Amino acid sequence: MSWVLVIIVAVTASLGDALQTLGMKLHGEIHDFRLGALAAAFRRLLRSWHLGLSLLLLAISFGAFLGLLAIADLSFAVPATAVEYVLTTLLARYLLGEKVNWRRWAGAGLVACGVVLLAL
C-alpha cells in the first residue's frame, strides 16, 4: 500500500507542477502592479483550467502524502517520493518543451537510483 501512495504522490505532484507552470506561462508576466490590474490578473488566473486542475492535483498529492506518513516512516516517505523529481524533469522536457541539460538528467538519474535503493 505504501508504494501505491508513493506513486500517487509522485504522479499528481508532477502533473500539478507542470500544469501550474503551463498555466502561468500562458497567462504571462505581470507588469502592472496597481490594485485594479492585479485584481484583473487574479480573475484571469481563477478562470484558467490549468491552474484549477493543478490545485486539485496538488491537493490530492498532499492528501496521499499525509496518508503515506500515517503508515510509513518519514525516512522512507520523503526519499521515496523524490521520484517526483524524475517525473517532473520528464514532463518539463516533453510536455513543456524545456531544454534539460545533461547535468539535470544526471541529477534525475541519481534520484532514480536512490529510489531504487529504497525499494530493495
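What follows draws every value from the coordinates through simple rules; no lab data is involved. All figures in this text were calculated on a predicted structure; none of them were measured in a lab. Don't worry about glycine lacking a Cβ; one is built from the backbone with ideal geometry, like all the others, and counts go over all protein chains shown.
Could you tell me which residue of the range 1-48 is farthest from Val115 (Cα to Cα), considering only residues that are aliphatic (A, V, I, L, M) and outside any helix (DSSP H, G or I)? Give the derivation first.
Taking the range 1-48 first, the residues aliphatic (A, V, I, L, M) are 1, 4-11, 13, 15, 18-19, 22, 24, 26, 30, 35, 37-41, 45-46.
With outside any helix (DSSP H, G or I) added as a condition, the list becomes 1, 30.
On the way: Met1: 16, Ile30: 39 Å.
Taking the candidates together, the pick is Ile30.
On the basis of being assigned to a helix (DSSP H, G or I), within 18 Å of the chain's Cα centre (by Cα) and more than 15 Å from Ala10 (Cβ to Cβ), does Gly109 make the cut? Lay out the reasoning, then the answer.
Working: assigned to a helix (DSSP H, G or I): yes; within 18 Å of the chain's Cα centre (by Cα): yes; more than 15 Å from Ala10 (Cβ to Cβ): yes.
For Gly109, the condition - assigned to a helix (DSSP H, G or I), within 18 Å of the chain's Cα centre (by Cα) and more than 15 Å from Ala10 (Cβ to Cβ) - is met.
Taking only pairs six or more apart or across chains, which ones have beta-carbon atoms under 6 Å, a first residue in the range 1-27 that is within 13 Å of Phe76 (Cα to Cα), and a second residue that is of a type in the set (S, T, N, Q) and surrounded by 16 or more Cβ atoms within 10 Å (Cβ to Cβ)?
Val6/Thr81
Please determine, by comparing only the residues of the range 49-93 that are of a type in the set (Ser, Thr, Tyr) and in a helix (DSSP H, G or I), which one is nearest to Gln20 (Cα to Cα).
Here the answer is Ser54.
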